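Just below is one structure, and these are the notes that go with it.
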C-alpha cells in the first residue's frame, strides 16, 4: 500500500470512531465506547507507522507524495482539491499526534469513568484527533484552514465539556473567539498567496514563491505576518495567549491532549511547513523569533507565581512552545520538531499526573493546599517526577537533548541570535525553578488531609461538589464526575498510559544525540533540503558545550527550588514581600487580560450598543417602517377610488373613453 | 319632403331621449322612451329599413316597453331626492356628454369616408323587405340567428330564476 | 338626405343616454338610458347599411335588438328581486362594491 493510502486511512479511522460513538451513544455501553475510541486512534497510529515504512522505502529525495480525493472547486483559476500531502514532516506529526492521543485515550478510559458525558467525550476527542490530522496532512491551504477551524471547534467543545459550568462555557467562548482571530489571519494569508501566486497547493506555492518574491518584499512579509497571527492564536503566544490558562476548565485529558501535546503545536507545524515563505521574509521570521522568546520569558515568570496547578502547567506549556516557535523561526527546524515531540511526551504525562493528584484532592487544584503526596500516591509521584525532570531538562532526559539543540543552533547563527540563546538559557533556569517548585510543594512534606485519607484508607477523599471559583454547585447529570474521582493508583488503563509516557519522557531524547545519533534530523532533512538555514549545523563540539551549560543550569534551577521550597520554606514569602510590585505583575499575568479588555472588548461592546440603539432603531427600522407607511398611505389613496358608487365608476369609464377618443382623434388628424 | 319628415322624427327622438333622462317619475320616463322608439321607427323607414322599423315598433315598443310598464307598476318608484352624494357628478356628467357627442361626430365626419357626403347608391326595390332580411338571416347569418335564439332562451330562464319567489318568502 | 345627418343624430342620442346613466339614480331609469344608447347604435347601423347598399347592417341591428331585449329582461328581473327583498331601489345605496 502506498504512503498516501495509509495516510487516508489515518484520517478515516478517527472520523469513523467519532461518528460511531456519537451516533450510538444510547446503544453503546460505556466501556465499549471507550474501547472503540481508543482503538480508532490506535489503528490510526498503526496506519501512520505503515505510512512511515512506506515512505522509508522511497529514495530520500522523493519522499513527498500528494494525493487528491476530489476536486472541490475548479473554476476561474481556482483549483482547490481535497488533497493530502505526505512527506516526512507530516508523517512525523501524524505519529506524534496519534501516538500521544492513543495513550491519552487510554488514560481517559479510566479517568472519565464516572462522568455522565462519557460518550460525548470520546466522540469529541476522536473528532479532535481527526481534525488535527487533517490539519497536518492537508496538501493545500484551503484544507489546512478547514482542519484549523475544525480543531478550533473541537477545542471549544471540549473546553466547555461540562457545559453547565459557567466558568467552563465562558472559557470555551474566549478560546474560540481568539482562535477565530487567528483564523482570520490565516484566511487573509491564503487570499494573498492566491493573489500573488495563483495557487493553493503546497507544491505549487513553495515552488513559485522564490521565483515571484524578492527577499523582504512587503507582500511576502505581509503573508508571513498574517500566518503568524494564525500561528500565535493557535499556539497561545503573546499577545493571543490569554485563552490558554482559562482553557484549563476542561477535563484534564483535554488539557493534556489539546493544550499540551497537539493543538497548541499547530502553530509550530505551520511555520515549519511554510518555511519557504518565512525564509523569503527574514523580517517576519525575526518577529516570530522575538515573540517566541518574549512568550518564553513572560510565561515562565507567570508560572513561577501560579497557585493553581493546572494553570501553572499551562503557562509552562506556553513557555515551551515559545522555545519551539523560536526554534523554527530561526531555522532550527528539526530541533524545533524534536522539542515538539519530547514536549508532547513529558507535558502530557505531567498533566496526567496532575489529573490524578487533583482527583485525589477531590477536584481542588490549589497547590497551597497540597502536600505529602509522595507517600500517598507512589505511582503518580514517580511519573510526575519523570515528567518534571524532562521538563527541567535534567541531563539525560528527553527535554535535555531537545531544548539545548535549539539554543545551540541560535548560538551558531550568531549576532543577535546569541542574545536569544542567552535569554533562552535564562528561560531554562526559570523552567527548572518553577517545575520543581510544583514538585517540591506537592510531593514531599507532611501529607495533607486528603493524602492522609488515601494512606490510611486507600479511598479517595470526597469533596463538596461546588465550583471553587464561582461557588455554584456542579451539575453531575450532564457531566462532571460525581463523588467518584479516579486516581492512577486505582485504574490500570491510567497506569499503562502514564507508564509508557514516563519511559518515553526519560529515554525519548536518545534518538538525537549530537555527534552520535541523528534519527530525527536525518528523517526530516528532505523536507528542508532547499533551506539555506537548515544547513547551519553547529559542530558537535559546540553542541556538547551547549548541552553541558544546559545541564548545569537545570541542576542549578532544581537546587534553587530545593532551597526555596524544602530547606527554607520562608524564603519565598520574604522574597515576595521584597519584590512586591514584580510579584503583583506576575500574579496578575502581566495585565494582558485587562489590556485586551480595554483595547478590544470594550470598544466592541460599545459598537454593538451603538448599533442596537441608534443604527437599528433609526436607520434600519426607520427604513422598514417608513417603506411600510408609504405603501400603506399610497394604498389608502388608491382605495378611495373604490367608493362603491356605481355611477362614479360609470363616470370614470366614460371619462376614460372620452380621453382616449380625444387622443386618437388628435394623433390621427 | 324627406327633410321635413326627418326633422320631425329627429325632434321626436331627441325629445323622447331628453324626457327619459329628465323626468322625475319613472313611469313618465318609460312613456318618453316609447315616443322615442316610435320616432326612431320612422327614421328607419326613411332609411328604407322597413322590416327593422316594424320590428322596432312591434318588438321593442310593443313587447319590451310593455314589460317595463308592468315592472314600473309593480315596483312603483317615486322620485329621487335632489341631493347628490357623489361630489362633482352633476357637473361632470353633462360636460362629458357634450364631449362624447363632439368627439363621436368629429370622428365620423372627419373620418374621410367617401360615401358619407353623398346620397348613397340607388337601392333596388325590395331593399329592407322582410324577404330580403329573411333570406339573409337564414343563409348568410344563420349562426348568429340561432345563437340569438339561444340567448333569448337563456334570458328567459335567467329572468324566471331571478324573480322567482323563494320558499321562505312565501311563508 | 345624406347619412351624415343620421350619424350625428345617433351620436347625440348616444351622448344623451350616457349623461342619463351618470345622473339618474333609479336602476329602472338607468336601464332606460341604456336602451337609449343601444337604439342610437341601431340607428347608426341602419344608416350605414343604407350607405353601403346591402342589408347586413340591418341584420346587425336586429340582433342588437334581440340582445337588448334579453338584457332588459334580466335587468328587470333583478330589479324585481331587489324590490322583493325590500332593499332601496337606489344605485347609490347599493354599495357592496365598496373597497
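The values are calculated or read from the model by the stated rules, or taken from the named source; none is laboratory data. In this text the structure is predicted, and so the values were computed from the model without any measurement. Here the Cβ positions follow ideal geometry from the backbone for every residue, glycine too, while neighbour counts run over all protein chains shown.
Can residue A:345 be described as under 27 Å from residue A:407 (Cβ atoms), part of a helix (DSSP H, G or I) and touching a strand residue (DSSP E or B) at 6+ places or on another chain (Cβ under 6 Å)? Taking the combined requirement at face value, the residue does not satisfy it. Restricting the search to the range B:87-103, which residues are within 7 Å of another protein chain (Cβ to nearest Cβ), crowded, with 16+ Cβ neighbours inside 10 Å and over 17 Å from residue C:34 (Cα atoms)? Residues satisfying the conditions are B:89, B:92, B:99, B:103.
Of the residues A:541, A:551, the single one that is surrounded by fewer than 19 Cβ atoms within 10 Å (Cβ to Cβ), out of contact with any helix residue (DSSP H, G or I) (no Cβ under 9 Å at 6 or more places or on another chain), in a helix (DSSP H, G or I) and modelled with pLDDT of 70 or more is A:541. The set of residues from the range C:59-81 being more than 21 Å from residue B:65 (Cβ to Cβ) and either surrounded by 21 or more Cβ atoms within 10 Å (Cβ to Cβ) or touching a residue at least 24 places away in the same chain (Cβ under 8 Å) (or both) comprises just one member, C:59.
Just one of the listed residues (B:94, B:85) is without any contact (Cβ under 8 Å) to a residue 24 or more places away in the chain and not in a helix (DSSP H, G or I), and it is B:85.
Taking the range B:29-47 as the range and being within 12 Å of the chain's Cα centre (by Cα) and more than 9 Å from every other protein chain (Cβ to nearest Cβ) as the test, the residues that pass are B:34, B:35, B:38, B:39, B:41. Among the residues of the range C:3-15, is there at least one that is touching a residue at least 60 places away in the same chain (Cβ under 8 Å) and at the interface with another protein chain (Cβ under 7 Å from one of its Cβ atoms)? No; the residues of the range C:3-15 include none that is touching a residue at least 60 places away in the same chain (Cβ under 8 Å) and at the interface with another protein chain (Cβ under 7 Å from one of its Cβ atoms). Has the range A:3-23 got at least one residue that is at pLDDT below 85, touching a helix residue (DSSP H, G or I) at 6+ places or on another chain (Cβ under 7 Å) and part of a helix (DSSP H, G or I)? Within the range A:3-23 (the criterion being at pLDDT below 85, touching a helix residue (DSSP H, G or I) at 6+ places or on another chain (Cβ under 7 Å) and part of a helix (DSSP H, G or I)), the answer is yes, since at least one residue qualifies.
Checking each residue in the range C:52-66 for being in contact with a helix residue (DSSP H, G or I) (Cβ under 7 Å, 6 or more places away or on another chain) and part of a helix (DSSP H, G or I) picks out C:56, C:57, C:58, C:59, C:60, C:61, C:62, C:63, C:64, C:65, C:66.
Which residue out of A:56, A:78, A:32, A:69 is within 28 Å of the chain's Cα centre (by Cα) and surrounded by fewer than 20 Cβ atoms within 10 Å (Cβ to Cβ)? Step by step, each of A:56, A:78, A:32, A:69 is checked, and only A:69 is within 28 Å of the chain's Cα centre (by Cα) and surrounded by fewer than 20 Cβ atoms within 10 Å (Cβ to Cβ). Apart from one condition, residue B:84 fits all of (1) at the interface with chain C (Cβ under 7 Å from one of its Cβ atoms); (2) surrounded by 12 or more Cβ atoms within 10 Å (Cβ to Cβ); (3) modelled with pLDDT under 90; the exception is (1).
A count restricted to the range B:102-129 and to residues that are at pLDDT 75 or above and assigned to a helix (DSSP H, G or I) stands at 8. Residues considered: A:563, A:582, A:556. Of these, the only one that is touching a residue at least 60 places away in the same chain (Cβ under 8 Å), in the same structural domain as residue A:314 (by TED's automatic domain parsing) and within 30 Å of residue A:434 (Cβ to Cβ) is A:556.
Taking the criterion of being under 19 Å from residue A:368 (Cβ atoms), part of a helix (DSSP H, G or I) and under 30 Å from the mean Cα position of the chain (by Cα), the residues of the range A:567-607 that qualify are A:583, A:584, A:586, A:587, A:589. Anything in the range A:105-125 that is over 12 Å from residue A:254 (Cβ atoms) and surrounded by 24 or more Cβ atoms within 10 Å (Cβ to Cβ)? List them, or say none. Once the filter is applied, which keeps residues that are over 12 Å from residue A:254 (Cβ atoms) and surrounded by 24 or more Cβ atoms within 10 Å (Cβ to Cβ), the range A:105-125 yields A:106, A:109, A:119, A:123.
Looking only at residues in the range C:17-36 that are touching a residue at least 24 places away in the same chain (Cβ under 8 Å) and part of a helix (DSSP H, G or I), the one that is surrounded by the most Cβ atoms within 10 Å (Cβ to Cβ) is C:35.
The set of residues from the range B:48-81 being facing chain C (nearest Cβ under 10 Å), more than 14 Å from residue C:72 (Cα to Cα) and surrounded by fewer than 16 Cβ atoms within 10 Å (Cβ to Cβ) comprises B:74, B:76, B:78, B:79, B:81. For the range A:54-70, does any single residue satisfy the condition of being farther than 21 Å from residue A:207 by Cβ and part of a strand (DSSP E or B)? Checked against the condition, which is being farther than 21 Å from residue A:207 by Cβ and part of a strand (DSSP E or B), the range A:54-70 yields at least one hit. When you scan the range A:610-627, do you find a residue that is more than 34 Å from the chain's Cα centre (by Cα), in the same structural domain as residue A:391 (by TED's automatic domain parsing) and surrounded by 10 or more Cβ atoms within 10 Å (Cβ to Cβ), even just one? No, every residue in the range A:610-627 fails to be more than 34 Å from the chain's Cα centre (by Cα), in the same structural domain as residue A:391 (by TED's automatic domain parsing) and surrounded by 10 or more Cβ atoms within 10 Å (Cβ to Cβ).
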